[in-house]
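The values are calculated or read from the model by the stated rules, or taken from the named source; none is laboratory data. What you are looking at is a predicted structure, and each value in this text was computed from that prediction instead of being measured. Counting neighbours? That spans all protein chains shown, and the Cβs are built from the backbone with ideal geometry, glycine included.
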Amino acid sequence: MDQILGNIGLLFEFPVVNLKIILDGIMIGALFALAAYGLALVWGVMNVKNLAQGDFVISGGYVSWWLVQHGFPALLGVPVAFVVMWGIGWVIYKLVISRVIERDLFTSLLATFGLAIMMAQILNLMFGSDTQSVDLGYDTLYFFDGFIDVPIAKLIGVVMAMSLAAGVIIFMKSSRMGQAIRATAQDSRAARVMGIDTEKVYAFTFSLNSAICGAAGAIIVMVWLVQPFYGISYSIRAFVIVTAAGLGNLPGVIAAGLGIGALEQYGAHIFGIGYQQAVAVMLLLLILLYRLIQQRRNRQVLK
Amino acid sequence: MARNKTILYSLILAFSIVAPFVFPNFGTQLATLWLMIIVALTWDMTGGQMGYNSLGNIFFYGTGMYVAAVIAIGLVYDVGDYTNAAGGGIYKFTDLEYFGGMALGILGAGLFCSVCAIVIGSLTFGLRGPYFAIGTLGVAIATGELVSNWDWVGGGQGIALPVYPGDLDTGKIYFYFLFAAIGISVFIFVKWLYGTRFGAAINAIRDDEEKADAMGIHTLRYKLYTWAMAAFFVGMAGGVSAFQLIHFEPLESAYQTINLGIFMVVCVLLGGKGTLWGPVVGAILFHLFKEVTWNYLLGWQWVALGALIVVTVVYFQDGVMGWLMHKRPQWFGIRIEEKIAGEAE
Amino acid sequence: MTAIIEVRRVSKSFGGVVANKDVSLAVKSGTITGLIGPNGSGKTTLFNSIVGYHPIDDGSIRFEGEEISSFPVQQIARRGLLRTFQQTRIYGAMNGVENMLISLPHRKMKIWDALKTFTKEDYERADHLLEFVGLYEKRMLKSGDLSFGQQKLLEFAMALMNEPTCLLLDEPTAGINPTLINGLIDRLKRANSEFGITLFVIEHNMRVIMNMAESIYCLAHGQMLAHGTPDEIQNDQRVIDAYLGAH
């Protein structure tokens, strides 16, 4: 308890610490937001709640890591992970997801949970259970007498995450496929009547989600670590963000992603690093509870 | 028909009693099978019969373990000192202290978990469908993480309980019968419960909760009681596990979300959701599959298990009993249109 | 005669859309009262407000003299004020008898009563009411396989099983084969006279409502337009205009 109070005191004593925490939070939050946007897309378009979301992220990280091990430049990892995970996402869609779309939501939740276990274990068998990362070999910038350190690799990571998000937004707004996806999300039956091949839209959406996650993972491996069993924590964060922001609300997802990144860093600072996972899950519970109370005021439930 | 059933039940009971003596090498596996049956049957109380798919029932298992251990230790020693020393054989338990502590611990675990179910349930039962599943999963994960940071109960190291005071084989049989006794009690209990008005009410909640509300059924109360009953049995099973395992820790053995936490759901789906025998049949099949893959698929067993989950959920969701019900509806007393039409002529 | 339901100046809006504005009405105990109005005039919203499905913005709703506007659905249902749904809601996976048994009134049940099995009387009562609505022959069928009209009858029987003092029926004849409507009117009237249940009915079919109700309220654009006996309503120029869209 004393330690917690001490940590809180530190925030007031050295306000610059806040800046560091927020910066760190925003940088990791940008990557959470990518995974969360993919989840919101799949959830909104085909009503599938993907619990394997985090494992797509981790798989993307390993794709990039493998490339570097085989002598390819690290920055190539991001586009390659995007393409490879696109393919994997498409296969998973055809084998599993396409068969759970019309079923109740618990089915998709459980099927993707099984998928998550499988993917984590396959990664474990292929690459071992050690944490892995890719060192870009760039310098670290220091501000405020070294209080704040910003590795250039992290900056590059954030810029790449932002350009990826921007690319997806432009694609969804202006391309034919993007329009078809948005139409299907609003009313799949009407979309089908209007001649949209919803099956194709679903396959595309799920592959796109997988690819976004893969690219996010390739960025994560450059700035942090990956490990076969880290997937679940990314899945939980994606759920936290989507539950907080709601579906089909991209600015909301980005804001919630950044906010949750920052909150989590604060939690880790105050309670200690051992509580990081617990803080993420508690945030989920708090948000669920908040939404529940909101609904209860209208005598409704959270469906 | 009734006589056939009596014979069937007697045979199963007789087999349950002689099994550990006939297959002494599989004592622990058979005990685990009973554990699977317990968690599957209790999961089906909310998941299959009431329509609330919890992914967090493992919370009661883990909490049961800790409560039972803390009670058994706390009756004799200071829990903080005990866990600090990590057991280590310094702390001795007499037979009375061991068995008395175990009995009180297991019972206390069940009761404590029932209370937890009421508290957590009153917060989470406003969540429906996938939100309920995610919310309960969150509760289980969060508790595991918090407990692993709680030094008083041993933190990430967990707790080492005293060893069974007799010889090893007797110990195995002892724990087998503890699990079997709880398992049989659960079965008899749910068989009776599903035949009462209570059973009808929770089925009504599953099929259309809004309609049940509109009919004036105390939906929240029924949901809480059902979960509390399930939690009672799971908590007791957790308590037995704590003593059987001797040493347990929070993330891998107590709050094992992705192991037992998901296995119980798969057992129920495999056997048939919302049926009396489904969870039992599913638990047996799943346990067999798991033991076989663990022994023969070196390293790949987890992948096979994940695949089993996916295949069950995607392709075989009605389970064995659901499939039988579809193929042989007359076995279950379901009448179909043609028969009525035939009678009318 | 006293009013069993008293609605006073109730308003309800969804976002910017005003569904009910300053609606007042009274349903007299033991009568059949009708509620009519063009599509979108706020009839079902008013029903939902009365049974507690959503909170109201303003006003008061009393049932047997007790203010119920702050109660949730189940509490109101347990006081004996029940509703049926416009989109019929029955338990499709169960057969007719099971549907009836589930509908036993829980307000008369203590929790330990719930741990008993259904009694012979329960079954007899279920059979009797199924016979009353003409579904006795079909009682063992999965009720999801029944026709829409039969499902409506089953829902009605379920409501009777619950022994309400007052029953709100949302379009009981919608989607029912015209040849069966007379039989249904007859049963509704008998439920009122034999079981003493007060009925409050939303209905689009004018012939039905004029035939049944002693007193009729007409809503238009969320506001109470007219109130009177069937004759008065039939000859009220404002009601005719509202239905013909001259409003």
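Points to keep in mind about this one:
- Qualifying residue in segment C:104-121 (condition: over 18 Å from B:H218 (Cα atoms), touching a Lys or Arg at 6+ places or on another chain (Cβ under 6 Å) and at the interface with chain B (Cβ under 10 Å from one of its Cβ atoms)): no
- Restricting B:T143, B:T63, B:T83 to residues that are facing chain A (nearest Cβ under 10 Å) and either part of a helix (DSSP H, G or I) or surrounded by 17 or more Cβ atoms within 10 Å (Cβ to Cβ) (or both) narrows the list to B:T143.
- Selection of segment B:138-184 for residues being over 21 Å from the mean Cα position of the chain (by Cα) and hydroxyl-bearing (S, T, Y) yields B:S148, B:Y164, B:T170.
- Condition check for B:Q317: part of a loop (DSSP other than H, G, I, E, B) and in contact with a Gly (Cβ under 9 Å, 6 or more places away or on another chain): no
- Filter result for C:L225 (touching a residue at least 24 places away in the same chain (Cβ under 8 Å), surrounded by fewer than 22 Cβ atoms within 10 Å (Cβ to Cβ), outside any helix (DSSP H, G or I) and more than 15 Å from the chain's Cα centre (by Cα)): yes
- Check on B:V266, of a type in the set (A, V, I, L, M, F, W, C), free of Cβ contacts under 8 Å to residues at least 60 places away in the same chain and part of a helix (DSSP H, G or I): yes
- Helices (runs of 4 or more DSSP H) fully within segment A:1-77 that include at least 2 residues being closer than 20 Å to A:M172 by Cα: A:15-46.
- In segment C:20-46, the residues that are surrounded by 22 or more Cβ atoms within 10 Å (Cβ to Cβ) and either within 14 Å of chain A (Cβ to nearest Cβ) or under 18 Å from C:L82 (Cβ atoms) (or both): C:V27, C:I32, C:T33, C:G34, C:L35, C:K43, C:T45, C:L46
- Every condition in (1) over 30 Å from C:M100 (Cα atoms); (2) within 9 Å of another protein chain (Cβ to nearest Cβ); (3) of a type outside the set (S, T, Y) holds for B:I173 except the one numbered (2).
- Filtered residues of segment B:16-60 (kept if among the charged types (D, E, K, R) and assigned to a loop (DSSP other than H, G, I, E, B)): none
- Comparison of C:F200, C:F195 shows that the only residue that is in contact with a strand residue (DSSP E or B) (Cβ under 6 Å, 6 or more places away or on another chain) and either touching a residue at least 12 places away in the same chain (Cβ under 8 Å) or hydroxyl-bearing (S, T, Y) (or both) is C:F200.
- Segment C:86-96, subset buried (at least 18 other Cβ atoms within 10 Å of the Cβ) and not charged (D, E, K, R), residue nearest to the other protein chains (Cβ to nearest Cβ): C:Y91
- Single residue of B:A160, B:A228, B:A204, B:A237 found to be more than 20 Å from B:F132 (Cβ to Cβ), at pLDDT 90 or above and of a type outside the set (S, T, Y): B:A237
Table: residues versus (1) buried (at least 24 other Cβ atoms within 10 Å of the Cβ); (2) touching a residue at least 24 places away in the same chain (Cβ under 8 Å); (3) among the hydroxyl-bearing types (S, T, Y); (4) farther than 25 Å from A:G272 by Cβ.
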{"position": "A:I4", "(1), (2), (3), (4)": "no, yes, no, no"}
{"position": "A:G9", "(1), (2), (3), (4)": "no, no, no, no"}
{"position": "A:V17", "(1), (2), (3), (4)": "no, yes, no, no"}
{"position": "A:I22", "(1), (2), (3), (4)": "no, yes, no, no"}
{"position": "A:A33", "(1), (2), (3), (4)": "yes, yes, no, yes"}
{"position": "A:L41", "(1), (2), (3), (4)": "yes, yes, no, yes"}
{"position": "A:V45", "(1), (2), (3), (4)": "yes, yes, no, yes"}
{"position": "A:F56", "(1), (2), (3), (4)": "yes, yes, no, yes"}
{"position": "A:G60", "(1), (2), (3), (4)": "yes, yes, no, yes"}
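- Residue match in segment A:262-273 (condition: more than 10 Å from chain B (Cβ to nearest Cβ) and within 28 Å of A:G114 (Cα to Cα)): yes
- Segment B:190-206: number of residues that are farther than 16 Å from B:A228 by Cα, surrounded by fewer than 21 Cβ atoms within 10 Å (Cβ to Cβ) and touching a residue at least 24 places away in the same chain (Cβ under 8 Å): 2
- With respect to the conditions (1) crowded, with 24+ Cβ neighbours inside 10 Å; (2) of a type outside the set (G, A, S); (3) assigned to a helix (DSSP H, G or I), B:T275 lacks only one, and its number is (3).
- Filtering segment A:281-303 to residues that are touching a helix residue (DSSP H, G or I) at 6+ places or on another chain (Cβ under 7 Å) and more than 9 Å from chain B (Cβ to nearest Cβ) leaves A:L283, A:I287.
- Counting only helices (runs of 4 or more DSSP H) wholly contained in segment A:90-207, the ones carrying 1 or more residues that are over 30 Å from B:L305 (Cα atoms) and away from every other protein chain (no Cβ under 14 Å) occupy A:152-174, A:176-186, A:188-193.
- The number of residues in segment A:96-144 that are over 29 Å from B:F132 (Cα atoms) and in contact with a Ser or Thr (Cβ under 7 Å, 6 or more places away or on another chain) comes to 2.
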